[in-house]
Amino acid sequence: MIKPKALTSLSILFPCYNEAENAQIMIEESIRVVESYGVDYEIVVVDDGSRDGTAQVIKKWAEKNPRVRYVGHETNQGYGAAVRTGFRNVTKDLVFMTDGDYQFRIPEIEKLFSKIDSCDVVAGYRLQRQDKAHRRLNGRLWTWLVRLLFGIPVRDVDCAFKLFRRKTLEGLELKSNHLLIHAEILARIKKAGFRIQEIGVTHYPRTAGKASATGVTRILRTFGELFWLYWQIR
């Protein structure tokens with residue numbers, strides 16, 4: 001087990017939208033993993049206006065374990081908005097974020113721990129992305145464009161497996177409510193002078209629920225946000 005010096009307390013954060021089955025599994029796994037490290041922790045689960053019982057799953061866990069915290073949007077506001085809400089609600093020294101779709105496994109947080117003592121942010125990259133071919137191609141092109149515009153030193157910008165020192169998030173004025181959020185986080189953190197490292201992590205096929213943030217309209221909106229962010233930052 002790798003237990004870095006920086007691991008004095010830990011927030012685990014993940015947003016959910018219609019992920020009732022996955023949320024149940026992820027909360028169970030998060031508790032089991034983080035308790036094995038014997039540190040102060042919280043699990044912040046943001047429900048972005050789900051309609052399938054996700055909120056009820058999270059609330060039941062919060063009743064059983066006070067370290068599980070339910071944060072909810074009354075209506076669906078978008079992936080980026082859910083991530084921003086989560087960041088506003090975390091309180092621990094290290095903040096780990098992932099997605100609520102269970103395409104990553106919480107025990108691999110140890111890979112991020114292996115790097116965090118020598119940097120401020122550890123970004124995972126998917127070793128073999130388990131998505132359809134067009135999504136993999138879109139992801140590669142998107143990362144290439146973001147790296148070109150902002151010089152972010154990662155090979156998989158949107159990989160939702162990241163570990164932050166909490167100081168990197170304090171005062172971070174994030175604006176995106178949608179898919180741009182990962183690029184915005186890394187671009188603003190890099191501009192602030194924080195150190196970013198990366199490491200490969202395993203990606204798994206989705207086994208329950210359905211991806212909801214990949215429609216054409218949302219993708220086009222994200223490109224508009226990207227160039228707005230470029231002019232604002234550069």
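The numbers here are math on the coordinates, done by the rules we state, and not lab data. Computed from a predicted model, the values in this text were never measured in an experiment. Positions of Cβ are generated from backbone atoms using ideal geometry, with glycine treated the same way; all protein chains shown enter the neighbour counts.
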Report summary line: Of the candidates Asn18, Asn76, the one satisfying the condition of being surrounded by fewer than 17 Cβ atoms within 10 Å (Cβ to Cβ), touching a residue at least 40 places away in the same chain (Cβ under 8 Å) and either touching an Asp or Glu at 6+ places or on another chain (Cβ under 8 Å) or not β-branched (Val, Ile, Thr) (or both) is Asn76
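Can you say whether Arg105 is within 28 Å of Ser176 (Cα to Cα), surrounded by fewer than 18 Cβ atoms within 10 Å (Cβ to Cβ) and without any contact (Cβ under 8 Å) to a residue 12 or more places away in the chain, as far as the supplied structure shows? Reasoning before the result, please.
Numbers: within 28 Å of Ser176 (Cα to Cα): yes; surrounded by fewer than 18 Cβ atoms within 10 Å (Cβ to Cβ): yes; without any contact (Cβ under 8 Å) to a residue 12 or more places away in the chain: no.
It is false that Arg105 is within 28 Å of Ser176 (Cα to Cα), surrounded by fewer than 18 Cβ atoms within 10 Å (Cβ to Cβ) and without any contact (Cβ under 8 Å) to a residue 12 or more places away in the chain.
Before we move on, is Gly86 out of contact with any helix residue (DSSP H, G or I) (no Cβ under 9 Å at 6 or more places or on another chain) and either not in a helix (DSSP H, G or I) or not aliphatic (A, V, I, L, M) (or both)? Spell out the reasoning first.
Numbers: out of contact with any helix residue (DSSP H, G or I) (no Cβ under 9 Å at 6 or more places or on another chain): yes; either not in a helix (DSSP H, G or I) or not aliphatic (A, V, I, L, M) (or both): yes.
For Gly86, the condition - out of contact with any helix residue (DSSP H, G or I) (no Cβ under 9 Å at 6 or more places or on another chain) and either not in a helix (DSSP H, G or I) or not aliphatic (A, V, I, L, M) (or both) - is met.
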Query raised in the report: For the range 21-42, what are the residues that are β-branched (Val, Ile, Thr) and surrounded by 24 or more Cβ atoms within 10 Å (Cβ to Cβ)?
Result: Ile27
Requested in this report: Test Asp120 against the stated conditions and say whether it is in contact with a strand residue (DSSP E or B) (Cβ under 8 Å, 6 or more places away or on another chain), under 24 Å from Thr91 (Cα atoms) and buried (at least 17 other Cβ atoms within 10 Å of the Cβ).
Outcome: yes
